[in-house]
1. Quick one: if the Förster radius is 25 Å, what FRET efficiency do residue 28 and residue 66 give, using the C-beta to C-beta distance and rounding to 0.05?
2. Can you tell me how much longer the chain between residue 8 and residue 90 gets when fully stretched, taken as 0.36 nm per residue apart minus their C-alpha distance, in nm with one decimal?
3. Among 40, 18, what is the fewest-to-most ranking by other Cβ atoms within 10 Å?
4. With a ≥ b ≥ c the root eigenvalues of the C-alpha gyration tensor of the stretch 27-82, is it rounded (a/c under 1.5), prolate (a/b larger than b/c) or oblate?
5. Would you mind calculating the gained length between residue 17 and residue 56 on full extension (0.36 nm times residue separation, minus the Cα-Cα distance), in nm to one decimal?
6. So between residue 49 and residue 74, what do we pick up on full extension, going 0.36 nm a residue minus the alpha carbon distance?
């Protein structure tokens with residue numbers, strides 16, 4: 001990684017900023033922490049690769065990820081992608097199209 005950030009620095013940044021993400025509504029930082037960490041670590045290992053090219057591999061790798069706790073890929077994939085883009089510097093992240101932004105939380109159904 002070009003700027004030598006470490007997980008502790010990223011953890012602090014995400015803790016301070018996660019609530020501005022469209023997928024965070026009604027959830028707390030601890031819900032997303034495993035996803036942010038996985039995205040940070042994965043992005044660091046796959047610099048130069050596109051998210052769409054590695055998403056399937058990341059999904060299967062998450063099932064074996066030691067820091068995932070009880071979280072599932074579906075619950076954290078937007079956080080993984082967000083952290084991935086932050087680490088890799090990719091600018092194609094469209095937070096308005098993330099899966100959680102399409103959920104009507106008052107009724108629990110997809111819009």
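No value in this document is a laboratory result; all are computed from the given coordinates. On a predicted model such as this, the values are computed, not experimentally measured, just so you know. Note that each Cβ is placed from the backbone with ideal geometry, even for glycine, and that neighbours are counted across all protein chains shown.
1. 0.70
2. Gain on extension, residue 8 to residue 90, equals 27.4 nm.
3. Listed from fewest to most nearby Cβ atoms, that is 18, 40.
4. Prolate, since a/c reaches 1.5 and a/b exceeds b/c.
5. Gain on extension, residue 17 to residue 56, equals 11.4 nm.
6. 6.8 nm
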